[in-house]
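Report on the structure given below.
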Amino acid sequence: MSLRARLILSYFVVLAVTLMVIVLALLVFLLARPANPAPTYDRLATIARDFVAQNQAAFGNRLSLAALRDLPERLGAFAAENEVRAMVIDLRTETVVSDSMGVYQRGDALELLPEETYTLPLYLRRGLAVGSEPIIGSFQTPDNAVWLFTGLALTRGEQETIAAILSDLAPPRTPASVIAEFRESLLRPLCQAALVGLVMALLLAVVISRNVANSLAALSEAAGKVAEGNYQWRVSEAGPPEVRAVAGAFNAMSGQVHAAQQAQQDFVANVSHDLKTPLTSIQGYSQAIMDGAANDPADAARIIHEEAARLNRMVVELTDLARLEAGQLSMQMLPLDIAALVAAIGERMNIVAQRKNVTLHIEAAPVPAVMGDGDRLAQVLTNLAGNALNYTPAGGNIWLKTRAAESGIEIVVEDTGAGIPADDLPRIFERFYQVDKARGPKRGTGLGLAITREIVLAHGGRISASSAGKGRGSTFTLWLPRQN
Ligand code: ADP
């Protein structure tokens with residue numbers, strides 16, 4: 001099913017459910033509400049008119065004692081005949097004079113609640129031409145029953161205080177009456193609302209699906225381009241946040257794929273170049289020995305030996321690096337005394353330093369234990385100290401220091417040697433990167449710092465290098481997290 005169809009369907013379902021809930025709520029509301037009292041008021045008004053017509057003469061200007069005496073009987077007969085409750089009320093005192101049901105006795109208080117929002121229809125009001133306004137409303141009996149009434153003045157005197165009120169119980173709601181009322185007054189507006197909702201849903205579905213579909217189409221096009229090798233292709237990061245996030249993630253991913261691809265190409269180029277140089281020299285010198293053209297065959301053989309050793313070292317380092325990068329090199333993590341480790345490596349390096357006339361200062365202050373692989377960290381320290389020795393000329397100084405740092409420890413390898421130009425600093429941890437390939441008495445492989453960094457990362461640590469510039473020494477700072 002297409003995105004648009006799904007959206008339309010889901011909107012339609014939401015709309016249908018919403019309308020259903022509204023209809024149910026309305027039905028419940030209508031059922032709970034008292035029924036429309038208007039027909040009862042109107043019916044009672046016509047009965048009241050008859051009552052007044054029949055009885056007004058007997059009452060005259062005020063309620064006589066004689067009239068009062070046979071009032072209960074009259075009321076009773078009239079009420080039975082018309083199937084209503086008939087009452088005579090003194091409006092001034094709000095007390096009952098007589099009640100056909102006999103619930104209220106003479107003098108009982110009765111609170112009438114006039115209905116202010118309803119007036120009798122004109123044809124009824126005309127028929128009630130007795131010179132007084134009818135009163136309509138409801139009252140509640142002590143047993144909580146609600147009675148509707150229509151009342152008319154009974155006495156014709158100045159003080160119009162006596163009224164006949166005809167009452168009936170408020171009609172109950174029946175499901176049938178509710179449905180009828182619903183059909184008459186609510187069905188139409190609801191259907192119109194549903195129609196408007198449906199049109200809006202269709203429009204929204206078209207707009208949203210076009211938006212989403214467009215971004216998806218852009219993404220799929222971009223994925224195709226990247227698959228074809230066009231790594232520079234980017235999708236525009238516009239639209240709603242979710243779409244922007246996907247576009248951003250896609251761009252970041254293709255950026256990384258590009259970087260990985262580039263690194264792969266660089267790696268192959270570097271490996272072939274770095275293998276080729278010693279191989280060419282081996283080939284050249286061996287050819288010279290075979291042709292008898294070498295001035296000093298022993299020297300040629302030594303060069304061949306050195307180049308072969310370098311090749312061997314490079315293969316070992318490359319294998320190490322590949323394993324480290326793939327996370328395949330298992331580490332024996334144990335609590336380590338870094339100060340002791342630094343002191344031991346320093347001692348070993350001191351022999352070489354003395355031979356080179358370089359002063360090695362070991363300032364291995366005790367530091368908290370860290371978790372680490374002793375052999376691998378020794379390899380890191382040997383690498384850093386070895387580089388310092390390699391790139392520091394006679395008369396220079398090298399420091400190996402340990403110190404406690406925030407939530408871990410630091411090892412610092414500092415020298416007063418060749419230094420590293422600012423431009424090269426960010427790249428020296430890359431594989432094969434060498435500041436000056438021809439520099440140094442013993443040519444390196446450019447892999448040492450890459451391996452060092454991988455080992456440090458595998459320990460959850462970090463390493464950074466700084467240098468004041470060419471010829472002004474370098475500092476390598478290694479941070480390792482403290483043992484928890
Ligand atoms: P290499 O085998 O060439 O020493 P590394 O990966 O160990 O390879 O070092 C990369 C490059 O970083 C070196 O070629 C060198 O240019 C530079 N470098 C590393 N350590 C130092 C240092 N202590 N002083 C100056 N340059 C350094």
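The values are calculated or read from the model by the stated rules, or taken from the named source; none is laboratory data. These figures come from a predicted structure and were not determined experimentally. FYI the Cβ positions are ideal-geometry reconstructions off the backbone, even for glycines, and counts take in every protein chain you see. Accessible surface is based on the protein model in full, side chains and every heavy atom, while ligands, DNA and RNA are left aside. Shrake-Rupley method; radii C 1.70, N 1.55, O 1.52, S 1.80 Å.
Which residues, counting only those in the stretch 309-324, are open to solvent by 50 Å² or more (accessible area, probe 1.4 Å) and closer than 22 Å to ASN387 by Cα?
The answer is ASN312, ARG313, VAL315, VAL316, THR319, ALA322.
Step by step: first the residues of the stretch 286-330, then only those that are part of a helix (DSSP H, G or I) and of a type in the set (Ser, Thr, Tyr), then the one that is nearest to THR445 (Cα to Cα). Which residue is that?
So, considering only residues that are part of a helix (DSSP H, G or I) and of a type in the set (Ser, Thr, Tyr), the one nearest to THR445 (Cα to Cα) is THR319.
Please identify the pairs in which a residue from the stretch 374-392 that is under 15 Å from LEU447 (Cα atoms) and of a type in the set (A, V, I, L, M) has its Cβ atom under 6 Å from the Cβ atom of a residue that is part of a helix (DSSP H, G or I) and within 12 Å of the ligand (Cβ to nearest atom), counting only partners at least 6 apart or on another chain.
So the pair list comes out as VAL380/THR452.
List the pairs whose first member sits in the stretch 219-247 and is free of Cβ contacts under 8 Å to residues at least 60 places away in the same chain, whose second member is surrounded by 12 or more Cβ atoms within 10 Å (Cβ to Cβ) and aromatic (Phe, Trp, Tyr), and whose Cβ atoms are under 8 Å apart, counting only residues at least 6 apart or on separate chains?
Listed pairs, sorted by first residue: LEU219/PHE250; ALA222/TRP233; ALA222/PHE250; ALA223/PHE250; LYS225/TRP233; VAL226/TRP233; VAL235/PHE250.
Restricting to the stretch 206-229, count the residues that are of a type in the set (S, T, N, Q) and open to solvent by 60 Å² or more (accessible area, probe 1.4 Å).
3
Would it be correct to say that ALA450 is assigned to a loop (DSSP other than H, G, I, E, B) and either within 11 Å of the ligand (Cβ to nearest atom) or at pLDDT 90 or above (or both)?
The answer is no for ALA450.
Each row is one residue, and each column tells you yes or no for (1) closer than 27 Å to GLY396 by Cα; (2) within 38 Å of the chain's Cα centre (by Cα); (3) without any contact (Cβ under 8 Å) to a residue 24 or more places away in the chain.
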site: THR445; (1), (2), (3): yes, no, no
site: LEU449; (1), (2), (3): yes, no, no
site: THR452; (1), (2), (3): yes, no, no
site: GLY460; (1), (2), (3): no, yes, yes
site: ILE463; (1), (2), (3): yes, yes, no
site: ALA468; (1), (2), (3): yes, no, no
site: GLY471; (1), (2), (3): yes, no, no
site: THR475; (1), (2), (3): yes, no, no
site: TRP479; (1), (2), (3): yes, yes, no
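Take the residues in the stretch 402-439 that are among the charged types (D, E, K, R) and not in a loop (DSSP other than H, G, I, E, B), then tell me which one is farthest from the ligand (Cβ to nearest atom).
ARG403
List the strands (runs of 3 or more DSSP E) inside the stretch 110-223, counting only whole elements, that have at least 2 residues being at pLDDT 80 or above, aromatic (Phe, Trp, Tyr) and under 28 Å from GLU83 (Cβ atoms).
In the stretch 110-223, the matching strands (runs of 3 or more DSSP E) lie at 146-153.
Search the stretch 401-423 for residues that are free of Cβ contacts under 8 Å to residues at least 40 places away in the same chain and pair each with any residue that is assigned to a loop (DSSP other than H, G, I, E, B) and not acidic (Asp, Glu) when their beta-carbon atoms are under 7 Å apart and the residues are at least 6 apart or on different chains.
These pairs meet every condition: ARG403/ALA365; ARG403/VAL367; ALA404/VAL367; ALA404/PRO368.
Given the structure, is THR18 closer than 30 Å to VAL206 by Cβ and polar (S, T, N, Q)?
So THR18 passes the test.
Can you go through THR416, THR445, THR402 and tell me which one is open to solvent by less than 50 Å² (accessible area, probe 1.4 Å), β-branched (Val, Ile, Thr) and modelled with pLDDT of 90 or more?
Testing whether each residue is open to solvent by less than 50 Å² (accessible area, probe 1.4 Å), β-branched (Val, Ile, Thr) and modelled with pLDDT of 90 or more leaves just THR402.
May I ask you to list the residues in the stretch 379-399 that are open to solvent by 30 Å² or more (accessible area, probe 1.4 Å) and either within 10 Å of the ligand (Cβ to nearest atom) or in a loop (DSSP other than H, G, I, E, B) (or both)?
If the condition is that a residue be open to solvent by 30 Å² or more (accessible area, probe 1.4 Å) and either within 10 Å of the ligand (Cβ to nearest atom) or in a loop (DSSP other than H, G, I, E, B) (or both), then ASN383, ASN387, ASN390, TYR391, PRO393, ALA394, GLY395 are the ones that fit.
Does VAL21 fit the bill of being at pLDDT 85 or above, crowded, with 19+ Cβ neighbours inside 10 Å, at negative phi and of a type in the set (A, V, I, L, M)?
The answer is no for VAL21.
Does GLY346 count as open to solvent by less than 20 Å² (accessible area, probe 1.4 Å) and over 30 Å from ASP274 (Cβ atoms)?
It is true that GLY346 is open to solvent by less than 20 Å² (accessible area, probe 1.4 Å) and over 30 Å from ASP274 (Cβ atoms).
If you take the residues in the stretch 454-483 that are surrounded by fewer than 15 Cβ atoms within 10 Å (Cβ to Cβ) and assigned to a strand (DSSP E or B), which one is nearest to the ligand (Cβ to nearest atom)?
Across the stretch 454-483, the extreme among qualifying residues is SER466.
So that you can scan it fast, the table gives a plain yes or no per residue for (1) touching a Gly at 6+ places or on another chain (Cβ under 7 Å); (2) over 30 Å from GLN192 (Cα atoms); (3) loosely packed, with under 12 Cβ neighbours inside 10 Å:
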site: SER2; (1), (2), (3): no, no, yes
site: ALA5; (1), (2), (3): no, no, yes
site: ALA32; (1), (2), (3): no, no, yes
site: ALA48; (1), (2), (3): yes, yes, no
site: GLU73; (1), (2), (3): no, yes, yes
site: VAL84; (1), (2), (3): no, yes, no
site: ASP90; (1), (2), (3): no, yes, no
site: VAL97; (1), (2), (3): no, yes, no
site: MET101; (1), (2), (3): no, yes, no
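Could you figure out which of (1) surrounded by 15 or more Cβ atoms within 10 Å (Cβ to Cβ); (2) out of contact with any Asp or Glu (no Cβ under 6 Å at 6 or more places or on another chain) isn't true of ALA238?
(1)
If only one of PHE267, PHE250 is within 30 Å of LEU447 (Cα to Cα) and aromatic (Phe, Trp, Tyr), which one is it?
None of the others qualify; the one that does is PHE267.
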